[in-house]
1. Among the candidates A:Phe30, A:Phe49, single out the residue that is buried (at least 16 other Cβ atoms within 10 Å of the Cβ), touching a Cys at 6+ places or on another chain (Cβ under 6 Å) and closer than 21 Å to B:Ala109 by Cβ.
2. Kindly indicate the residue of the range B:94-107 that is open to solvent by less than 10 Å² (accessible area, probe 1.4 Å) and under 17 Å from B:Tyr145 (Cβ atoms) and also farthest from the chain's Cα centre (by Cα) among those meeting that condition.
3. Of the residues B:Lys130, B:Lys149, which single one is closer than 18 Å to A:Asp27 by Cα, in contact (Cβ under 8 Å) with a residue 24 or more places away in the chain and more than 7 Å from chain A (Cβ to nearest Cβ)?
4. Residue under question is B:Glu116, and the condition is that it be under 20 Å from B:Lys68 (Cβ atoms), among the acidic types (Asp, Glu) and in a strand (DSSP E or B); does it hold?
5. Got a number for residues in the range A:1-39 being under 20 Å from the mean Cα position of the chain (by Cα), part of a loop (DSSP other than H, G, I, E, B) and touching a residue at least 60 places away in the same chain (Cβ under 8 Å)?
6. For the range B:110-160, which positions are closer than 26 Å to A:Ser74 by Cβ, of a type in the set (Val, Ile, Thr) and open to solvent by 40 Å² or more (accessible area, probe 1.4 Å)?
7. If only one of A:Thr50, A:Thr58 is within 12 Å of chain B (Cβ to nearest Cβ) and without any contact (Cβ under 8 Å) to a residue 24 or more places away in the chain, which one is it?
8. Has the range A:92-102 got at least one residue that is under 14 Å from the mean Cα position of the chain (by Cα), within 9 Å of another protein chain (Cβ to nearest Cβ) and on the phi < 0 side of the Ramachandran plot?
Amino acid sequence: MASTIRVRAQANGTNTEVQALIQHPMDSGFVKDSNGVLIPPHHIETVTFTHAGKTVLTANWGPAVSKDPYIKFSFKGGAKGDDLTVTWIDNLGKTDTLAAKIA
Amino acid sequence: MQAASVDFTAKDTTRRATLRLLALLGVAGIAGTARAAAPGWPEEAFRQKSQADALKLLYGKPFEASDKVKLDVPEIAENGAVVPVSVSTDLPGVTTISILVPENPFTLAASYTLPEGTLPAIGCRLKMAKTSNVIAIVESGGKLYAATKEVKVTLGGCGG
């Protein structure tokens, strides 16, 4: 299966700009399905971005983050060809990870 | 008679033990299915319905409004399911950025931990149940600074 994570990381010499898109339902637990049954909460709790063995961002998310979450941030350093690893864990204990190359 | 009584006690103990074991299993079972919280995820803070409680659990200190915190949100969001929110600041030594939506079922929407070297600017997309303030809290040098803006929501994004 293709990864649930899509990352674009671009180094401009001083900083690296990261944009990530994760495929995830992010069910809040307040929405009912077509039969009127509540869809149980299913959302990402943490996303970690690591570069060169160092965490560059930890995101703690509640169910209020939109479906198929998007996040954008920048960090100092990072060079073209470096690995940027993205890992998420959701409330059901599911997880996915992806190592992307900085462009 | 004596033997019967002993037998009774023995049975009773095993029954009690079994019950205790079942109770323990039950508790563990519930905890197991409901919770497998990711390490470091501030679960309690995310479960709070009031802004004060969520902030108390997350930071435990008061915040002050600051124009150095820039909160970029749309004035009107047609679709509450996808509201772009970005927070940035000129403040130095930023360690965390949190975003709260007080009118949502759970106040705290997202909380970011920024190690040294990460720029204090985050963009993401949130769900909003209805028209509400959006509050961005920035922790800089151990102090909290906030910016608040109202977003009018025409179509709620938390179902119902």
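1. Numbers: A:Phe49 fails: touching a Cys at 6+ places or on another chain (Cβ under 6 Å).
Answer to the selection: A:Phe30.
2. Only one residue fits best here, namely B:Ile97.
3. B:Lys130
4. no
5. Qualifying residue count for the region: 3.
6. B:Thr113, B:Thr148
7. Numbers: A:Thr50 fails: without any contact (Cβ under 8 Å) to a residue 24 or more places away in the chain.
Residue meeting the stated conditions: A:Thr58.
8. Looking for residues that are under 14 Å from the mean Cα position of the chain (by Cα), within 9 Å of another protein chain (Cβ to nearest Cβ) and on the phi < 0 side of the Ramachandran plot, one finds at least one in the range A:92-102, hence yes.
The values are calculated or read from the model by the stated rules, or taken from the named source; none is laboratory data. Please read all numbers here as calculations on a predicted model, not as lab measurements. For neighbour counting, all protein chains shown are included, and Cβ atoms are generated from backbone atoms with ideal geometry for every residue, glycine included. Each accessible area value is taken on the protein alone, full model and side chains, heavy atoms only, with ligands, DNA and RNA left out. Shrake-Rupley method; radii C 1.70, N 1.55, O 1.52, S 1.80 Å.
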